[in-house]
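Notes follow once the structure below has been shown.
The values are calculated or read from the model by the stated rules, or taken from the named source; none is laboratory data. Please read these numbers as outputs of a predicted model, since none were measured by experiment. Heads up, the Cβs are rebuilt from the backbone with ideal geometry, glycines too, and the neighbour counts pull from every protein chain shown. These accessible areas exclude ligands, DNA and RNA; they are computed on the full protein's heavy atoms, side chains included. Shrake-Rupley method; radii C 1.70, N 1.55, O 1.52, S 1.80 Å.
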Amino acid sequence: PTAATANIGVVGLAVMGSNLARNLASREGNTVAVYNRTWAKTETLITEHPEAGFVASKTIEEFVASLEKPRAALIMVQAGAGTDAVIDELSALFEEGDIIIDGGNALFTDTIRREKAAREKGLNFVGTGISGGEEGALNGPSIMPGGSAEAYEKLGPIFASIAAVAEGEPCVTHVGTDGAGHFVKMIHNGIEYADMQLIAEAYDLIRQGTGAAPAEIADIFAEWNKGELESYLIEITAEVLRQTDAETGKPLVDVILDQAGSKGTGVWTVQNALDLGIPVSGIAEAVFARALSSKPAQRAAASSLPGPAEPWTVDDKATFVEDVRRALYASKIVAYSQGFDAIIAGAEKYGWDIKKGEIAKIWRGGCIIRAQFLNRITDAYNDDPELVALLTAPYFRAAIEGAQESWRQVVAHAAKAGIPSPAFSSSLAYYDGIRAPRLPAALVQGQRDFFGAHTYQRVDKEGTFHTLWSGDR
Ligand code: ATR
């Protein structure tokens, strides 16, 4: 019989699984068992990486036998049916107290279901968000585990050993029970969509407004990366814009087809926010902007529709670029504020005790939205754990105060020039909506009462009211 020597196992050895297994094996104290449905992948991994000292198994039974108790196996297989199949196989062999970890991009409601089923069998199930792509998996991702506190006792140190490190701290925290980790990973991806769309709009406005070439805009982004916008996404944007196409000699960005795809986590974020009643409008616009881009037939049909009569020119290039930078920062604050609103609402609905400041902290390294800026979010929630809206925290209030005139200028310019800026403008509309002393929602209530007797409440007394409108017969 196989000796139980491994403290952690990985099932599923495609790129993410292989890289996480190698990352685990490279850390002091870990012995890593590996298993893949098809032996060839396992063979490749162990042949190419003898230094990892993997304990490889050809069958799931041997794999389970090679794990020390309580056993812990990280599943990195195709989300959905693949995950369920592996969970079934492991559940049949695992014993009470053992831990099944799903590190794939599962929908958090699936994770809630799987955790419940595992718990009923006496097993631990830990749905874990892992961000940072292939590179992060190998060298240090941001890790967002859910599941029980008991399971985290064993897993915490293992996760900490492989996570990215930001300012001396590993980018991992126990997010909350059952599906909390996958929920927060989903919101992370939604915020990522908004961040990317905002950056893309900033680029488009500068390019169309000033006529600057992509390489020149790359310099602008590289400069921005030294200030409050410092982030991985700004950094890679500069790199992308600087890239020349080897075949044509053109800026690469000009030969890439302008139709953005997605894998679904952005859509999930918006779907869930709709269910929770949380206006994540910046994220939604980012998802819709990708959808719009990917409709070639509609775009071709609409391409002859008229735009503004007057050509648009920017008077002062440097001022405009600075205005766009400020508009980007203000819009980004709105996107994060909305994302954290969704986290707060999800935590309330699903009974998770999520420490918002800790979430911002573990996003500082490894993941796609990593940025200095996240420290300001942690500070805001440390100063006031019950903060109702991130954008009202003193630091963000001041940042928006300094940016809002520019923000309005840029959105107005974009509208006049006919340059689509859905995320910039919807973020501004959200800002003006949320801060408004009175909203026309009063009129909507009147309309609803008129046609459907939906009733309304009054500003001057308690109770529920219905008016006998002249339309009533
Ligand atoms: P990638 O796109 O990087 O290849 P993926 O499709 O998310 O990754 O996951 C592929 C992994 O899931 C593979 O390890 C695959 O096993 P095989 O190498 O045998 O194909 C694994 N996988 C998919 N469905 C599975 C199932 N039903 N049972 C076990 N493993 C499965």
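For labels at residue 255 and residue 386 in the simple 7 Å Cα→Cβ model, what's the distance in nm?
Simple spin-label model gives 5.9 nm for this pair.
What's the percent breakdown of Cα-Cα distances in the chain across 20 Å bins, shortest bin first?
Percent of pairs per bin, in order: 22, 48, 26, 4, 0.
Can you give the Kirkwood hydrodynamic radius for segment 320-468, in Å, rounded to one decimal and based on Cα pairs?
17.9
To the nearest 10 degrees, how steep is helix 374-383 against the longest Cα principal axis of the chain, on a 0 to 90 scale?
That works out to roughly 90 degrees.
Before I look further, what does segment 142-186 give for accessible area per residue, probe 1.4 Å, in whole square angstrom?
It amounts to 30 Å² per residue over segment 142-186.
Where only protein heavy atoms count, and the probe is 1.4 Å, what is the accessible area per residue for segment 250-319 in Å²?
65
Once you charge only the Cβ atoms, +1 for Lys and Arg and -1 for Asp and Glu, what is the size of the charge dipole of segment 276-326 about its Cα centre, to the nearest 20 debye?
Using Cβ point charges on Lys, Arg, Asp and Glu, segment 276-326 gives about 360 debye.
Put +1 on the Cβ of every Lys and Arg and -1 on every Asp and Glu Cβ in the chain; which of 26, 139, 378 then has its Cα farthest towards the positive end of the dipole?
378
For a protection proxy built on the mean count of beta-carbon atoms within 10 angstrom, sort 375-384, 113-122, 340-349 highest first, please.
Taking the mean over residues of other Cβ atoms within 10 Å, the ranking is 340-349, 375-384, 113-122.
Output the peptides 162-171, 250-259 sorted from most to least packed, where packing is the average of other Cβ atoms within 10 Å over each peptide's residues. If you can, show how the numbers build up before the last one.
Working: 162-171: 18.3, 250-259: 13.4.
Ranking the peptides 162-171, 250-259 by packing returns 162-171, 250-259.
Assuming 0.36 nm per residue, please report the length gained on full extension of the stretch residue 455 to residue 248 beyond their Cα-Cα distance. It would help to have the intermediate numbers written out before the result.
On the way: separation 207, 0.36 × 207 = 74.52 nm, distance 6.43 nm.
Full extension of this stretch gives 68.1 nm more.
Show the residues, 5+ positions off or on another chain, whose built amide H is closer than 5 Å to the amide H of residue 9.
The answer is 33, 72, 73, 74.
To the nearest 0.05, what FRET efficiency results for residue 310 and residue 435 with a Förster distance of 30 Å applied to their C-beta separation?
0.40
Which Cα, out of 387, 149, 49, lies furthest along the positive dipole direction of the chain (beta carbon charges, K/R +1, D/E -1)?
Result: 387.
As a test of reading the structure, rank 58, 263, 356 by solvent-accessible area (1.4 Å probe, protein chains only), most first.
Largest to smallest exposure gives the sequence 263, 58, 356.
Using a simple charge model, +1 on the beta-carbon of Lys and Arg, -1 on the beta-carbon of Asp and Glu, nothing else, what dipole does the chain show about its Cα centre, in debye to the nearest 20?
Once rounded to the nearest 20, the dipole reads 880 debye.
Where does each of 186, 16, 196 land when they are ordered by accessible area, with a 1.4 Å probe and the largest first?
Sorted by accessible area, descending: 196, 16, 186.
What do you get for GluC sites (Glu not before Pro) in segment 1-93 restricted to DSSP loop and a cutoff of at most 14 other Cβ within 10 Å of the site's Cβ? Mind showing how you got there, number by number?
Details: sites: 28, 43, 48, 51, 61, 62, 68, 89; in loops: 28, 68.
Listed in order of number, the matching sites are 28.
Could you give the nm distance between label points at residue 61 and residue 40, where each point is 7 Å from its Cα heading toward the beta carbon?
Reported label-point gap for residue 61 and residue 40 is 2.5 nm.
Ignoring ligands, DNA and RNA, what percent of the accessible area of segment 81-146 is carbon or sulfur (1.4 Å)? Mind showing how you got there, number by number?
On the way: 1160 of 2370 Å².
Summing carbon and sulfur atoms, their accessible area is 49 percent of the total for segment 81-146.
Mind putting a number on the dipole of segment 154-265 about its Cα centre? Charges go on the C-beta only, +1 for Lys and Arg and -1 for Asp and Glu, and I need it in Debye to the nearest 20.
Charge dipole, segment 154-265, about its Cα centre: 420 debye, nearest 20.
Could you check the simple spin-label distance between residue 447 and residue 297, using points 7 Å along Cα→Cβ, in nm with one decimal?
3.1
Gain in length, residue 236 to residue 96, computed as 0.36 nm per residue apart minus the alpha-carbon separation, to one decimal in nm?
Difference between extended and current length: 45.8 nm.
How about segment 1-110: which chymotrypsin sites (Phe, Trp or Tyr not before Pro) there lie in a loop by DSSP and see at most 13 other Cβ atoms within 10 Å?
Loop-located and lightly packed - none at all.
How much of residue 292 can a 1.4 Å solvent probe reach, expressed as accessible area in Å² and rounded to 10?
Surface accessible to solvent at residue 292 totals approximately 110 Å².
Give the ranking of 454, 413, 49 by solvent-accessible surface, highest area first, calculated with a 1.4 Å probe.
Listed by decreasing accessible area, they come as 454, 413, 49.
Using alpha carbon centroids, what distance separates segment 300-358 and segment 166-244, in Å?
12
Going down the list 154/355; 185/416; 295/416; 226/416, which pairs span over 29 Å between their C-alpha atoms?
From 154/355; 185/416; 295/416; 226/416, over 29 Å: 185/416; 226/416.
Excluding ligands, DNA and RNA, what is the solvent-accessible area per residue of segment 338-448 at a probe of 1.4 Å, expressed in Å²?
Accessible area per residue, segment 338-448: 47 Å².
Place a point 7 Å from the Cα of residue 79 along the Cα-to-Cβ direction; which residues of segment 262-279 have their backbone N under 11 Å from it?
Within reach of a label on residue 79: 263-269.
Quote the relative contact order of the chain in percent (integer), defining contacts as alpha-carbon pairs under 8 Å separated by 6+ residues.
Averaging sequence separation for qualifying contacts and normalising by length gives 13 percent for the chain.
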